[in-house]
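Notes for the one structure printed next.
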Amino acid sequence: MQLLYPKEEEIMYAIWEIGHPCVISDIVKAHPEIKRNTIKKVLLILEEKKYLVVDSIVKTATRTGRAYAPIITKKEYEQQKALIQDVIQSSNIQSGILNFCNLLACQNNVDPKVVDELEKIIDQIMTEDT
């Protein structure tokens, strides 16, 4: 996951708030303070970052445009952002990684493959030290 810049995050929250695949005009209606050109540019960036996917092509009253749907849920984004922030704000890398692993494990949705890979890494570190 790549961290989002404030404007990207603002538009993602707008899309999650709308709750269905939306076109630029939907976002402008919900958040008129955000300029149409900014939304257009940021939607392309969010698509490149794999936060959005083009769901369909929609004809509105004035134009035809892409309807974007989020790939990641708001909850998933906030959990991942919290994990990353915890690592960044740790006093050192090792404690940050340990905190990250602990928080990840506490979410109760760790893929067993991830646990297997972590065990392999730990085993490798332990054999290098001997």
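The values are calculated or read from the model by the stated rules, or taken from the named source; none is laboratory data. Because the structure is a prediction, the values reported are computed rather than measured. So basically every Cβ, Gly included, is an ideal-geometry build from the backbone, and we count neighbours across all protein chains shown. Calculation scope for accessible area: heavy atoms of the full protein, side chains included, ligands and nucleic acids excluded. Shrake-Rupley method; radii C 1.70, N 1.55, O 1.52, S 1.80 Å.
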Name the helices (runs of 4 or more DSSP H) wholly within the range 64-130 that hold at least 1 residues that are among the hydroxyl-bearing types (Ser, Thr, Tyr) and in contact (Cβ under 8 Å) with a residue 60 or more places away in the chain? 74-89
When the residues of the range 1-53 are filtered to those that are touching a Gly at 6+ places or on another chain (Cβ under 8 Å) and hydrophobic (A, V, I, L, M, F, W, C), which remaining residue is most open to solvent (accessible area, probe 1.4 Å)? Ile24
Of the residues in the range 54-66, those that are surrounded by 17 or more Cβ atoms within 10 Å (Cβ to Cβ) and within 14 Å of Ile15 (Cα to Cα) come to Arg66
Taking the range 19-43 and keeping residues under 18 Å from the mean Cα position of the chain (by Cα) and farther than 16 Å from Thr60 by Cα leaves Gly19, Ile39, Lys41, Val42, Leu43
